[in-house]
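No lab work stands behind these numbers, since they all come straight from the coordinates. Everything quoted here is computed from the prediction, not taken from an experiment. Positions of Cβ are backbone-derived with ideal geometry, glycine not excepted, and every protein chain shown enters the neighbour counts.
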């Protein structure tokens, strides 16, 4: 397993002090299980590295927006990074504060801007001149001034999957680096905008520090030019995207990562500025597993299939990104001979697979744990094939709490209606 919160005890996988098999028996499958201890340790690694420095952590809500997960972070003093008004509502419901929340995203609507302004969010990360104009108009209609930073696209290769690369010229995100200085001038000229920061996010599942340093140097160069133009930049937002270990990746230690960036900022003479970190995956990714039960073992001419009750609607990452997740039996079969299986779900799509060519000693009815499923997993799940979404459980020591009940089919079409006669 990729986190010490999930370990084998006498041949049975446990989440902290609770048997995963007992959780599946009690709450059914598919089942998402999170560890409070794992969430806490990951957050504290960031917080400890920022202690005594000018760093602030804003948790990326999109990675895992369950209220209990967000509440764990809110209790520890986290800020939040959101990309929709819906996520802002979740932050507030989870005990977070709008004034500690940064509003990112490439397509904010005027209605979302209005709601966020009325609630008093900390800052808007703006990604285009048209967005600046709309935000300025909304602020004017409310008689408010808005703190803004611009998300700058530094055209740095994060060396990750193209679908989660966000800082290249071909990506939809951010202001082109060559246009950034002029865009800052345009923002500064608008009556209801206060330019306060600069933002950069180059991608996700990044396992090297060097792309961050390359982007950071370009951003700091730009900060120096912007201040020559008469604006004062109080914070530098370095984004998120730090990777985790799914298989054999070796991402940098969180503390080392934070210290390296803060040291570079200080060495460049910018230590007086507040530095925002926006971690998501590195906080929650290895704090969760997806439990699923084997329905059938189906031999084939070219492939053997382990057909399980979780599908691509429950975990989209393999189908979407060809992502790898370790898959392990919940109860180890001593002396059993492993066979090679594709682990697939019941969804009516050939792309409905969770793992390719896995050596597993399993029988029908056995439980499997899909590891590293805390990030972008339940958050991207759906009701495709009219499948209710899984329940979510938070384990805290020897206690298990239902933090999202399993959906039932009738709920899925409760808002629909047939045509009148």
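The table below gives the values:
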item	result
Inter-label distance, nm, simple model (7 Å from Cα along the C-beta direction), residue 419/residue 10	6.2 nm
Alpha-carbon spread of the range 315-415, three principal axes, descending order, Å	50, 39, 24
Within the range 39-57: backbone nitrogen closer than 14 Å to the residue 401 label point (7 Å, Cα to C-beta)	39-40
Sequence of 58, 188 once ranked by neighbouring C-beta atoms within 10 Å, starting from the fewest	188, 58
Estimated inter-spin distance, residue 17 and residue 304, nm [label 7 Å along Cα→Cβ]	3.9 nm
Nearest-ten-degree value, helix 129-142 long axis tilted from longest Cα axis of the chain	80 degrees
Relative exposure of 184, 341, judged by other C-beta atoms within 10 Å (fewest first)	341, 184
Residue order, fewest to most beta carbons within 10 Å, for 340, 250, 40	250, 340, 40
Computed helical MRE - 222 nm, the chain, DSSP H runs ≥ 4 contributing -39500 (n - 2.57), nearest 500	-8500 deg cm²/dmol
Förster radius 56 Å - calculated FRET efficiency between residue 141 and residue 385, Cβ distance, rounded to 0.05	0.80
At 0.890 mPa s and 25 °C, Stokes diffusion of the range 260-382 via Kirkwood alpha-carbon radius, µm² per second	151 µm²/s
C-alpha center-to-center spacing [the range 309-364, the range 19-72] in angstrom	24 Å
DSSP beta bridges in the range 197-335 [antiparallel fraction, %, rounded to 5]	35 percent
Chain lengthening between residue 179 and residue 89 when straightened (0.36 nm per residue, less Cα-Cα)	29.1 nm
0 to 90° range, to nearest 10: angle between helix 210-228 axis and the chain longest Cα axis	20 degrees
Cα gyration tensor shape of the range 36-283, rounded if a/c is under 1.5, else prolate or oblate by comparing a/b with b/c	oblate
Computed over the chain, the ratio Rg/Rh where both radii use C-alpha atoms and Rh is Kirkwood	1.00
The range 83-156 and the range 192-258: distance between their alpha carbon centers, rounded to Å	19 Å
The chain, relative contact order in percent, only Cα pairs under 8 angstrom and at least six apart counted	19 percent
Whole-Å semi-axes of the ellipsoid equivalent to the range 35-150 (Cα gyration tensor, √5λ, descending)	27, 15, 12
Folded to 0 to 90 degrees: helix 36-50 orientation relative to the chain principal axis, Cα	30 degrees
Pair-distance profile P(r), taking every C-alpha pair of the range 292-362, with 5 angstrom steps and integer %	4, 17, 29, 27, 16, 6, 2, 0
